[in-house]
1. Being under 16 Å from the mean Cα position of the chain (by Cα) and without any contact (Cβ under 8 Å) to a residue 40 or more places away in the chain: is that true of Gly179 here?
2. Assuming Ala249 fulfils every condition listed in (1) more than 30 Å from Arg78 (Cβ to Cβ); (2) touching a residue at least 60 places away in the same chain (Cβ under 8 Å); (3) of a type in the set (A, V, I, L, M); (4) touching a Ser or Thr at 6+ places or on another chain (Cβ under 9 Å) apart from one, which condition is it?
3. Those residues that are out of contact with any His (no Cβ under 9 Å at 6 or more places or on another chain), of a type outside the set (Phe, Trp, Tyr) and either touching a residue at least 40 places away in the same chain (Cβ under 8 Å) or assigned by TED's automatic domain parsing to the domain that holds Cys197 (or both), I need them from the range 2-30; list them, please.
4. Return the residues of the range 278-292 that are within 18 Å of Gly74 (Cα to Cα) and surrounded by 24 or more Cβ atoms within 10 Å (Cβ to Cβ); say none if nothing qualifies.
5. So, Ala112, is that one within 20 Å of the chain's Cα centre (by Cα), over 20 Å from Leu288 (Cβ atoms) and either in a helix (DSSP H, G or I) or modelled with pLDDT of 95 or more (or both) or not?
6. Across the range 152-161, what is the number of residues that are within 9 Å of Ala117 (Cβ to Cβ) and touching a Leu at 6+ places or on another chain (Cβ under 9 Å)?
7. Scan the range 23-50 for residues that are more than 16 Å from the chain's Cα centre (by Cα), at pLDDT 90 or above and among the hydroxyl-bearing types (Ser, Thr, Tyr) and report the count.
8. Pick from the range 205-221 the residues that are part of a helix (DSSP H, G or I) and in contact with a strand residue (DSSP E or B) (Cβ under 7 Å, 6 or more places away or on another chain): which of them is surrounded by the fewest Cβ atoms within 10 Å (Cβ to Cβ)?
Amino acid sequence: MGDTIDVDGWTVHRSGVSAVGPTGEEICGSAAARGRPATERAWFELVERVSAVQAIAEGEASYPLRDETGAIVGQLDRADVFPANPEPERWVYARSNGVAIHSGWRAACERAVWELAERDRVLRAWAGELRPVPIVHDLASPSYEWSAYAFPAGEGSFAASVEVVGVFALPMRDDLPVGIGFAGRPQREDALSAAACEAVQQLAFLWGEAVPASADAPPGAMLHLDTFQIPAHRPRLRAWLEGAHTAFASARSSRRGKAPVRFVDLTMAGLGAELRVAKAICADAMPLVFGESPDFAGLPIELRLHPIP
């Protein structure tokens, strides 16, 4: 299903697809884009999510660990691929972090690394370890203040060659939604373009909806999305982007080393000979958690929810 809407003067196409997972839950894929259909991207997102959910449901005890060529270089326990949630009432691991689909194994692995690096870089910045750096952009619309920031790789980063950019659309009125997008790419201009698409996509799916007054969802992506839509919480984003979280650098993660990036093949049977789904794994990457992440235990309680939806 899909439609076309006006988002602050921009024509944006929205698409959504869904499927029922192996445990009976509905799994959705959605995408939005300016000036072009987004159905294919929505379908790819759905396949990524279904692949992760199906792998979790199958309950394999271990998985072959592969490199970018597809060669098996080891074996990884299930707990290292899909870790259990020890306190699900407080926080849960994201199921599809570092998962990407593309034509061919190597390309899927490359994109999985981009996503893993994106999340790691943003989470480290939220913990105060890295400071966002403002960059030049040409984004503008009547009701929003747009900004773009680079998230530089710190010393010893497992993905130093990946440029990570965040784009932020902060409304001039409380009744309009916030748009946030992040992306990792080899070139900064490509990361900026992809992050802008993500920010526009978030605006598109929130456009016309009531702005939440509170964030009461259980630990999950919706909790984080709602938290930063609340008008009273929006200054937290500005303060973070201006470097306020560097004051909490002593609480940063200790994950730094020379751990290689390896991959697990999550490609579902029947997907097609060309399409592959890869999950990037690296012990040095900060895990994406929804809820009060243990990695942010040293931050003030009101800042323990990161802005990655």
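1. Details: under 16 Å from the mean Cα position of the chain (by Cα): yes; without any contact (Cβ under 8 Å) to a residue 40 or more places away in the chain: yes.
Spelling it out, Gly179 is indeed under 16 Å from the mean Cα position of the chain (by Cα) and without any contact (Cβ under 8 Å) to a residue 40 or more places away in the chain.
2. Failing condition for Ala249: (4).
3. Correct list: Val7, Asp8, Gly9, Val12, Arg14, Ser30.
4. Filtering the range 278-292 down to residues within 18 Å of Gly74 (Cα to Cα) leaves 278-284.
Scanning the range 278-292 gives Ala278, Lys279, Ala280.
5. no
6. Counting residues in the range 152-161 that are within 9 Å of Ala117 (Cβ to Cβ) and touching a Leu at 6+ places or on another chain (Cβ under 9 Å) gives 3.
7. 1
8. My answer is Ala221.
The values are calculated or read from the model by the stated rules, or taken from the named source; none is laboratory data. A quick note: this is a predicted structure, and the numbers were derived from the prediction, not measured. Here the Cβ is made from the backbone with ideal geometry for all residues, glycine too, and neighbour counts use every protein chain on show.
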